[in-house]
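Worksheet for the structure shown next.
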Amino acid sequence: MLLENKQVAIIGGGPGGLTLARLLQLQNVNVKVYERDLNKNARVQGSPLDMHDDSGLAAIRKANLFEEFRTNFMPGADKTLLLDEQAKVFYSDHETNLEEDFDNAYFRPEIDRGVLRKILLESLQPDTIAWDSHFISMEPQNEGWLLHFKNGLSVYADIVIGSDGANSKIRPYITDIKPFYSGITMLEGNIYESVQAAPHIHSILNGGKIMAFGNEKNILMGQKGDGALGFYASFKADENWCLDSGLDYADKEQILEWFKKAYPEWSTVWHELFENVSVPFIPRLINCMPLDQTWEALPNATIIGDAAHVMPPFAGEGANMAMLDALELSEKLTSDKYKTVEEAISDYEIIMRKRAAEAAKESLENGKKMHSKDALKTMLEFFSH
């Protein structure tokens with residue numbers, strides 16, 4: 001086997017990195033995950049993930065974790081409402097949405113990020129994760145790399161896999177291609193104990209998802225597994241908006257005033273979100289990798305997930321692509337059809353870039369549709385088919 005007696009280092013313990021570690025350990029590979037979080041409880045996980053049958057769920061099945069997933073997913077969290085800016089409901093699948101339909105390839109069960117992370121962490125061998133390991137740099141040593149971390153640790157690995165997100169520090173060792181700005185910015189907020197804190201919106205949401213469209217702007221939200229509600233104000237903006245806005249993202253009154261000015265046609269119903277949010281808000285530039293990116297494969301390093309192909313969230317593909325990357329890379333690295341690790345990595349990267357480009361193109365197109373004048377009409381047509 002290509003990885004016999006080799007040490008694999010995965011930088012980043014998100015869904016992609018943890019899935020890869022699990023799949024490699026099932027093939028008896030020596031693997032260590034270096035995660036910058038202090039420990040497993042260090043930060044609140046983001047919005048729930050909807051798993052797709054041919055990507056995220058395929059990886060979960062291959063990792064022998066399907067029963068754990070089935071026991072812990074959020075039935076009904078994929079229920080969807082489409083609203084206009086006045087909070088009038090134009091589409092609902094709450095009556096027709098099946099709570100569990102794993103035999104249907106179009107069923108997209110949702111799972112809380114924190115819960116998925118816990119399932120993956122508990123599936124790994126003890127001491128697989130090196131917490132508080134903030135990657136700084138690496139340099140070639142022998143056939144592999146010497147990695148350096150902020151905590152003073154330096155370790156050797158034969159193969160390094162970057163699973164460290166959109167601002168990956170591994171990516172520059174592989175390519176100098178940078179992402180571009182999609183033209184859309186999001187302001188993320190979270191409300192804890194939403195049933196008490198935002199009762200009106202909580203009752204409309206009813207455990208599912210809301211997509212509201214009006215005047216080329218959106219509000220998107222979903223219920224989280226712990227009773228929290230995550231929401232995003234999504235709008236077209238200049239690339240420097242986050243810095244130039246002059247907003248204090250820890251001041252909810254200031255952000256509410258911004259919302260009233262930026263979304264003037266929108267109902268006061270939405271104010272409940274901004275009045276009861278847990279600050280600070282998080283401004284997010286929505287970036288995307290060039291669809292035609294390419295590079296020469298290295299013999300001892302590669303990247304998966306957002307590190308390889310960051311894309312807008314408007315097709316729900318981010319985590320699914322990362323987990324499919326993990327599935328395909330693990331299969332290639334443990335296959336007996338390649339003579340060298342470099343061949344296996346090269347084959348993975350060629351397929352991954354093509355697949356990711358298709359998903360990113362769809363995400364970009366959906367982003368344009370969702371922020372157009374006819375967004376509600378377009379999305380109604382999409383959901384009604």
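Of all residues in segment 335-363, those satisfying the criterion of being basic (K, R) and closer than 18 Å to A166 by Cα are R353, R355, K361. Within segment 230-245, restricting attention to residues that are assigned to a loop (DSSP other than H, G, I, E, B) and polar (S, T, N, Q), the residue that is surrounded by the most Cβ atoms within 10 Å (Cβ to Cβ) is S245.
Consider segment 289-317 and keep the residues that are open to solvent by 30 Å² or more (accessible area, probe 1.4 Å) and under 15 Å from the mean Cα position of the chain (by Cα). The one that is modelled with the highest pLDDT is D306. Between G227, G222, the distinction of being free of Cβ contacts under 8 Å to residues at least 40 places away in the same chain and either outside any strand (DSSP E or B) or of a type outside the set (D, E, K, R) (or both) belongs to G227 only.
Just to be sure before I move on: is S335 open to solvent by 20 Å² or more (accessible area, probe 1.4 Å) and not charged (D, E, K, R) in the structure I sent?
yes
Selection of segment 367-376 for residues being surrounded by 13 or more Cβ atoms within 10 Å (Cβ to Cβ) and either over 18 Å from P312 (Cα atoms) or in contact with a strand residue (DSSP E or B) (Cβ under 8 Å, 6 or more places away or on another chain) (or both) yields G367, M370, H371, A375, L376.
Listed residues A322, A360, A356; which is surrounded by 20 or more Cβ atoms within 10 Å (Cβ to Cβ) and over 18 Å from Y181 (Cα atoms)? Working first, answer last.
Numbers: A360 fails: over 18 Å from Y181 (Cα atoms); A356 fails: over 18 Å from Y181 (Cα atoms).
Residue meeting the stated conditions: A322.
The C-beta contact set for segment 276-304 (first residue assigned to a strand (DSSP E or B), second residue surrounded by 20 or more Cβ atoms within 10 Å (Cβ to Cβ) and small (G, A, S), distance under 6 angstrom, 6+ apart or interchain) comprises I286/S182; C288/S182; C288/A360; I303/G162.
Restricting S182, S154, S137, S168 to those that are in contact with a Cys (Cβ under 7 Å, 6 or more places away or on another chain) and either hydroxyl-bearing (S, T, Y) or open to solvent by less than 40 Å² (accessible area, probe 1.4 Å) (or both) reduces the list to S182.
The values are calculated or read from the model by the stated rules, or taken from the named source; none is laboratory data. These figures come from a predicted structure and were not determined experimentally. Glycine also receives a Cβ, built like all others from the backbone with ideal geometry; neighbour counts cover every protein chain displayed. The area values use the complete protein model at the heavy-atom level, side chains included, leaving out ligands, DNA and RNA. Shrake-Rupley method; radii C 1.70, N 1.55, O 1.52, S 1.80 Å.
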